[in-house]
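Read-outs: derived from the displayed coordinates by stated rules, not from any lab. Since the model is a prediction, treat every value here as computed from it, not as a measurement. Cβ: placed from backbone, ideal geometry, glycine included. Neighbour counts: every protein chain shown.
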Amino acid sequence: MRQLAERVPSVSFRHPGELIKYTRKKMGISQRYTARKADMSPSGLCKIESGEHFHPRNVIKLAKVLHLNPIDLLSFELPNKNQEKTKSLDDLKKEFPNWKDLFREGIKELL
């Protein structure tokens, strides 16, 4: 897999959904097709692309469909529900102490 910086050199993204949408459009594939390949609903993908919803398992599935590194997508600093503060990866690890198990489950589902 090529490194993310090589594929999107001068674009800045606020959340993983923006990178997913950018990549999907660059690949020329529809939201409906992408959602079907990732085994999710088009409305679920729309919520991820807009930054409204984030579930690591779905993001991992989308990474596989779009040939992205899941770590690139999961390492974004994510806004909390109040949009006042940004959560770091360390904050998310504390909030989801079983994140490694969730990540492994997501990878196993994809293989």
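The GLU52 and LYS100 beta-carbon pair, evaluated with R₀ = 22 Å, returns a calculated FRET efficiency of approximately 0.25.
Put simply, when 62-74, 44-56 are sorted by average Cβ atoms within 10 angstrom per residue, most first, you get 62-74, 44-56. Please tell me which of these pairs span more than 22 angstrom C-alpha to C-alpha: LYS47/LYS100; LYS47/LYS94; LYS64/LYS100? Distance filter (> 22 Å) returns LYS47/LYS100; LYS47/LYS94.
Here the Karplus curve 6.51 cos²θ - 1.76 cosθ + 1.60, taken at θ = phi - 60°, turns the phi angles of segment 25-38 into couplings of 5, 4, 6, x, 10, 7, 5, 4, 5, 4, 4, 4, 5, 8 Hz, with x standing for Gly and Pro.
Applied to segment 41-51, the Karplus parametrisation 6.51 cos²θ - 1.76 cosθ + 1.60 on θ = phi - 60° returns per-residue 3J(HN,Hα) values of 7, x, 5, x, 5, 4, 5, 5, 5, 7, x Hz, with x for Gly and Pro.
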